[in-house]
Amino acid sequence: MIAALSGRLSHIDTTSVQLESGTIVFELLVCVADIPQLEEMRGQTITLQTLCYLEGDPNRGNLEPRLIGFLSPRDKRFFEVFTTVNGIGPRKALKALNAPIADVARAIESGNTRFLVDLPQIGKRLAEQIIATLSGKLGAFLEGPVTKPLAPSRRNTEEDAAIAVLSSPQMGLRRAEAEALLDRVKESLPELKTAEQFVPEMLKLHSSR
């Protein structure tokens, strides 16, 4: 396994870089957010942390190894965690991560769906899935304290009650996941108004995943 590569940064485009190491030129895919910093290092000898994955269809026998480069071990670890979310493969993650890792981690931990939806490749449903999967697991990637967004003021008593039911110890859902389910129910069934109406529909959505 190649854990890191050192070489002269000879070429940069929108999705990849090339490192010259001796007589070999390696191509590495990189996160969009890293391109500006890499541009500043063009022509220098640098070291990138690396991950290798196979791209293609195994049923057709056309798998190709790809290298991904990261500026730090911390960025590499975050990428590994981020791609554990169902629906986020390496290519999607590379395009989606166009903001600093700490900002993305903070948005996930604080349940900031709006921030995540603004990232490339991330729709509302996938943003909710990211929060539900990774919330509470990203403390090591944060810089500074995490604060919850001020959005809860838009919840009325019935909505708060429905969220409390699904995020209770008996149900075991995270509050961010319960809120995401409620938002989807309200969007598809705007006529519902009470917790007794919300909860069954929220459970249906949860069980259909």
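The values are calculated or read from the model by the stated rules, or taken from the named source; none is laboratory data. Note that the structure is a prediction, hence the values are computed from the model and not measured. When we count neighbours, we look across all protein chains shown, and the Cβ atoms used for this are built from the backbone with ideal geometry, even at glycine. Protein only, heavy atoms only, side chains kept; ligands, DNA and RNA dropped before computing areas. Shrake-Rupley method; radii C 1.70, N 1.55, O 1.52, S 1.80 Å.
How do D118, D13 rank by accessible surface area computed with a 1.4 Å probe, from largest to smallest?
From most exposed to least exposed: D118, D13.
Run the helix sum for the chain: -39,500 (n - 2.57) per DSSP H stretch of 4+ residues, divided by residue count, reported at 222 nm to the nearest 500 deg cm²/dmol.
It lands at -11500 deg cm²/dmol.
Against the empirical 2.2 N^0.38 Å scaling, what ratio does the C-alpha Rg of segment 1-77 come to?
Relative to the 2.2 N^0.38 Å estimate, segment 1-77 comes out at 1.12.
Roughly speaking, what is the centre-to-centre gap between segment 82-109 and segment 113-139 when only Cα atoms are used, to the nearest Å?
8
Given H placed on each backbone N at 1.01 Å, which residues far from I88 in sequence or on other chains put an amide H within less than 5 Å of it?
Amide H to amide H, under 5 Å and 5 or more residues apart or across chains, I88 pairs with nothing.
Only Cα pairs within less than 10 Å get springs; with that Gaussian network setup on the chain, which residue of Q129, Q37, Q18 has the largest fluctuation?
Fluctuation is largest for Q37.
Would you compute, for the Cα atoms of segment 50-172, the largest minus smallest coordinate along each principal axis and list the three values in descending order, in whole Å?
55, 36, 27
Over the chain, what is the relative contact order in whole percent, taking alpha-carbon pairs under 8 Å and six or more residues apart?
Relative contact order here is 13 percent.
Calculate the radius of gyration of the Cα atoms of the chain to one decimal place, then report Dmax, the largest Cα-Cα distance, as a whole number, both in Å.
Computed over the Cα atoms of the chain, radius of gyration and Dmax are 20.7, 69 Å.
Where does the longest stretch of the chain lie that holds no GluC sites (Glu not before Pro) found in a DSSP loop with 10 or fewer other Cβ atoms within 10 Å?
The segment 1-142 is the longest one with no such site.
If N is the number of residues in segment 38-81, what value comes out of its Cα radius of gyration divided by 2.2 N^0.38 Å?
Working it through for segment 38-81, the quotient is 1.50.
Let me see the pair-distance distribution of segment 81-121: every alpha carbon pair, 5 Å bin width, integer percents in order.
With 5 Å bins starting at 0, P(r) equals 5, 24, 33, 32, 6, 0.
So for segment 1-92, averaging the separation of alpha carbon pairs under 8 Å that are six or more residues apart and normalising by length, what relative contact order in percent results?
Computed over segment 1-92, the figure is 25 percent.
Near G56, within a Cβ-to-Cβ distance under 14 Å, what is the net charge of the other residues, with Lys and Arg +1 and Asp and Glu -1?
0
Where the centroid of each part is defined by its Cα atoms, how far is segment 167-209 from segment 2-79 in Å?
What the calculation gives is 42 Å, centre to centre.
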